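To start, the structure under review is shown below, and the notes come after it.
Any read-out appearing in this document is the output of simple, stated calculations on the displayed coordinates, not a laboratory observation. Not measured: the values here are computed from a predicted model. Methodologically, a virtual Cβ is constructed for each residue, glycine included, from the backbone with ideal geometry; neighbour enumeration extends over all protein chains shown.
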Amino acid sequence: MKHTQVGEAMTADVVSVDRSATFREIAKLLADYDITGLPVVDEDDRVVGIVSESDLLARKALTAADIMSAPAVTVHAQESASEAGQLMTRLGLQRLPVTDEQERLIGIVTRRDLLRVFLRPDADIRRQVSEDVLSGNIGAPTGAVDIHVLDGVVTLAGRLERQSQVPLALRLTARLDGVVAVVDELTARTDDSRLIPPERGAQPITW
């Protein structure tokens, strides 16, 4: 299934400073560009920290190296926008520097950038749940599950063939771009949970 990647949502024209940037230089950049924080990079453009408005107010030191919060939390451009949003929410962050495969700074993504993912039309979400999740991954016959989407909240109601398909359908649906929440009203014809060998059942599902 295709997901919006961070690289598609980020701002590529990112303002950054090196460790030697002064307090006044950083403050001027924040004011000039009307931003609340910026990455601090080394000589290879790798992110070593973040300087925010609150850092400036709390630590009136000489350079970015003294003021910055480190280590910086970053995200790769290839990661999904939904996962980046969850990370920002979990850590209480307003922005994330975006890096390439060599960990070099290539952009920045904010909560506002990621919110655009959740403006996806309900009809598009419903179509992807039907085609990619239920038909493509679960193999459910057409009409077996009723899909209702309202403001990004997806309700799945109906009967799947096996009980093990229920959590999979819910998990895959929750990972789709634009999905805010998933309401579970699914049942199954057969309970195959006891048919799974213990050693297989103990393995975590990775995506």
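A simple count of charges around residue 37, restricted to other residues whose Cβ falls under 15 Å of its Cβ and scoring Lys, Arg +1 and Asp, Glu -1, yields -1. Distant-in-sequence amide contacts of residue 4, defined by a placed amide H-H separation under 5 Å and a gap of 5 or more residues or a different chain, comprise 81, 177.
Taking the chain on its own, what percent of its Cα-Cα pair distances exceed 29 Å? The answer is 42 percent, as a whole percent. With the Cα gyration tensor of segment 120-201 giving a ≥ b ≥ c as the square roots of its eigenvalues, does the rule (a/c under 1.5 for rounded; else a/b larger than b/c for prolate; else oblate) give rounded, prolate or oblate? Taking the square roots of the gyration eigenvalues as a ≥ b ≥ c, segment 120-201 is prolate. Calculate the FRET efficiency for residue 103 and residue 3 from the Cβ-Cβ distance with a Förster distance of 22 Å, rounded to the nearest 0.05. Taking R0 as 22 Å, the efficiency between residue 103 and residue 3 is 0.50.
For Cα pairs less than 8 Å apart in space and 6+ apart in sequence, what is the mean separation divided by the residue count of segment 1-103, i.e. the relative contact order in percent? Kindly include the intermediate steps, with their values, before the conclusion.
Numbers: 150 pairs, mean separation 32.4, N = 103.
Relative CO of segment 1-103 lands at 31 percent.
Computed from the C-beta positions of residue 66 and residue 112, the FRET efficiency with R₀ = 30 Å rounds to 0.55. Evaluated with a Cβ-only charge set (Lys, Arg +1; Asp, Glu -1), segment 51-104 carries a dipole of roughly 260 debye about its Cα centre, given to the nearest 20. Each peptide in 46-54, 109-117 gets a packing score, the mean of other Cβ atoms within 10 Å over its residues, and the list from highest to lowest is 46-54, 109-117. Taking label points 7 Å from Cα along the Cα-to-Cβ direction, residue 12 and residue 54 give a separation of 3.2 nm.
What you get for the chain, charging only the Cβ of Lys and Arg (+1) and of Asp and Glu (-1), is a dipole of about 540 debye around the Cα centre. With Cα atoms defining each centre, segment 116-167 and segment 1-37 are spaced 37 Å apart in the structure. Working from label points 7 Å from Cα in the Cα-to-Cβ sense, the residue 20 to residue 148 distance is 6.4 nm.
Using alpha carbons only, how many degrees (0 to 90, rounded to 10) separate the axis of helix 81-91 from the longest principal axis of the chain? The answer is roughly 60 degrees.
Between residue 180 and residue 43, the simple label model (points 7 Å from Cα in the Cβ direction) yields a spacing of 5.0 nm.
Indicate the gyration tensor shape class of segment 36-86 (rounded, prolate or oblate), computed on the Cα atoms with a ≥ b ≥ c the square roots of the eigenvalues: a/c under 1.5 is rounded; otherwise a/b larger than b/c is prolate and the rest oblate. Walk me through the intermediate numbers first.
Values: a/c = 3.53, a/b = 1.69, b/c = 2.09.
The shape class here is oblate.
Working from Cα positions, state the angle (0 to 90°, nearest 10) between the long axis of helix 23-33 and the longest principal axis of the chain. The answer is roughly 50 degrees.
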